[in-house]
Amino acid sequence: MEKLDFSLLQQEIDYVVVNRTFEEAFESYNLVKEWVESSGVKEADIKSYNLYQNYLIKLKFLALNFFDIDEYPELFRNSASLAFEITDYNLWEKIETELIAMNDINARDEFKKKLKTALEQCSNSLTSSSQPGNPKKVAEWIKDFVINLGLDKFDKLKKAEYLSNSQSIKNLSNVDKNKVRDLLDIYEKLGLSSKEKEGYENSVLMNIDGRPIIFHRGEVEEVRPIDIQGKEPDEINDILNPSSSSPGNMTQAPIVEKLIQPVAQKPITPRTVEMEEILNSYSPSSLEYKAISQEILRLQKAEARKDAKR
């Protein structure tokens, strides 16, 4: 039985994170899943099978917005720690993408509550601390947050003090400290209602003394007039609240695809081609670039889900 090279799977994950090619992660997930299920590796080598499952879950987290949101709570409950093992991966960005797509604020709060509960029930090890009595599992760290910081809305000074001086955190490696910090950030945001200014995910454009201001999660940011000049209200809203995270550029075929078998490239819809041409006329740092990128991924996501049902 020929095995998939674990180092190539890791290269695929690293490549997707750096280049933000999340559609590629979705394609790779399906390819690897198909290979694992048909290869007989589960019966032949259970240790390798479990490692493949871990890489599959990481690919699923990277392509999270291509999956149905009903799958999220179980994924978080059973495998949340693997998301925090992916260097430079922004899990909250994926969650926020789905929240912004929900027009019903009550539905947003219900979704956040489900994910929050799933994390509270996650028994995966988040850190490698061997100190007796110290938190190690995701659920144990969350209990530590609550004991030291209280419920839901955390005081900023207390939070900074906790992350700097808590006995639970002091002796952790820098890698583990970052995992704890990321978990705390997500857990806190999930605890804030979308009805409150600090928990409302959409960006809102305001005009204060003639200056355009973006209001987002209780904080304000000044906008360059050039970014919104001449735009219609709907266009401004699309710029401020794109529907999903930027897909990046598909600069190469998935690494794992080369390893398994050649796969014919699916034709890209004319609408996507048109938008990619428009995208190239904007600077990657502009709001227009971000908004168009979001729309491209939305179209790709819809097409991927359509294919999955065929």
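One line per residue, one yes/no per condition, for (1) assigned by TED's automatic domain parsing to the domain that holds LYS143; (2) surrounded by 14 or more Cβ atoms within 10 Å (Cβ to Cβ); (3) not aromatic (Phe, Trp, Tyr):
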{"residue": "GLU27", "(1), (2), (3)": "no, yes, yes"}
{"residue": "SER39", "(1), (2), (3)": "no, yes, yes"}
{"residue": "LEU51", "(1), (2), (3)": "no, yes, yes"}
{"residue": "LEU56", "(1), (2), (3)": "no, yes, yes"}
{"residue": "ALA80", "(1), (2), (3)": "no, yes, yes"}
{"residue": "ILE100", "(1), (2), (3)": "yes, yes, yes"}
{"residue": "ASN106", "(1), (2), (3)": "yes, no, yes"}
{"residue": "LYS114", "(1), (2), (3)": "yes, yes, yes"}
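Taken across the stretch 119-132, residues that are within 22 Å of the chain's Cα centre (by Cα), under 25 Å from PHE61 (Cβ atoms) and part of a helix (DSSP H, G or I) do occur, with at least one present. Under 23 Å from the mean Cα position of the chain (by Cα), over 16 Å from PHE61 (Cβ atoms) and surrounded by fewer than 20 Cβ atoms within 10 Å (Cβ to Cβ) - does that describe any residue in the stretch 10-18? Yes. Taken over the stretch 143-172, the criterion of being surrounded by fewer than 14 Cβ atoms within 10 Å (Cβ to Cβ) and either in contact with a Cys (Cβ under 6 Å, 6 or more places away or on another chain) or of a type in the set (Gly, Ala, Ser) (or both) is satisfied by GLY150, ALA160, SER164.
From the list GLU23, GLU110, GLU43, the one residue that fits, being touching a helix residue (DSSP H, G or I) at 6+ places or on another chain (Cβ under 7 Å) and among the acidic types (Asp, Glu), is GLU23.
For SER48, state whether it is among the small types (Gly, Ala, Ser), touching a helix residue (DSSP H, G or I) at 6+ places or on another chain (Cβ under 8 Å), over 20 Å from SER81 (Cα atoms) and not in a loop (DSSP other than H, G, I, E, B). So SER48 does not fit the description; no.
Yes/no per residue for (1) over 16 Å from LEU192 (Cβ atoms); (2) modelled with pLDDT of 90 or more:
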| residue | (1), (2) |
| --- | --- |
| ALA101 | yes, no |
| ASP104 | yes, yes |
| LYS112 | no, yes |
| ALA118 | yes, yes |
| ASN124 | yes, yes |
| SER129 | yes, no |
| PRO135 | yes, yes |
| GLU140 | yes, yes |
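Within the stretch 112-125, residues that are free of Cβ contacts under 8 Å to residues at least 24 places away in the same chain have Cβ atoms under 9 Å from residues that are surrounded by fewer than 19 Cβ atoms within 10 Å (Cβ to Cβ) and polar (S, T, N, Q) in these pairs: SER123/ASN78, counting only partners at least 6 apart in sequence or on another chain. Remark: pairs (first residue in the stretch 20-37, farther than 10 Å from LYS60 by Cα; second residue of a type in the set (Val, Ile, Thr) and assigned to a helix (DSSP H, G or I); Cβ separation under 6 Å; 6+ apart in sequence or on different chains) = GLU24/VAL16; LEU31/VAL256; LEU31/ILE260; VAL32/VAL256; TRP35/ILE260. The single residue among VAL180, VAL175 that is out of contact with any Asp or Glu (no Cβ under 7 Å at 6 or more places or on another chain), assigned to a helix (DSSP H, G or I) and crowded, with 17+ Cβ neighbours inside 10 Å turns out to be VAL180. Scoring ASN65 on the criteria (1) surrounded by fewer than 16 Cβ atoms within 10 Å (Cβ to Cβ); (2) over 22 Å from PHE6 (Cβ atoms); (3) modelled with pLDDT under 95 leaves a single failure, condition (1). If you filter the stretch 5-19 down to residues that are touching a residue at least 60 places away in the same chain (Cβ under 8 Å) and in contact with a helix residue (DSSP H, G or I) (Cβ under 6 Å, 6 or more places away or on another chain), you find that the one that is nearest to LYS47 (Cα to Cα) is LEU9. Among the residues of the stretch 82-101, none is identified as part of a helix (DSSP H, G or I), farther than 14 Å from LYS60 by Cβ and among the small types (Gly, Ala, Ser).
Just one of the listed residues (ASN78, ASN50, ASN90) is under 12 Å from the mean Cα position of the chain (by Cα) and either closer than 25 Å to SER128 by Cβ or modelled with pLDDT under 90 (or both), and it is ASN90. Of all residues in the stretch 134-172, those that are within 23 Å of the chain's Cα centre (by Cα) and either aromatic (Phe, Trp, Tyr) or assigned to a loop (DSSP other than H, G, I, E, B) (or both) total 6.
The values are calculated or read from the model by the stated rules, or taken from the named source; none is laboratory data. Source: prediction; values computed, not measured. For neighbour counting, all protein chains shown are included, and Cβ atoms are generated from backbone atoms with ideal geometry for every residue, glycine included.
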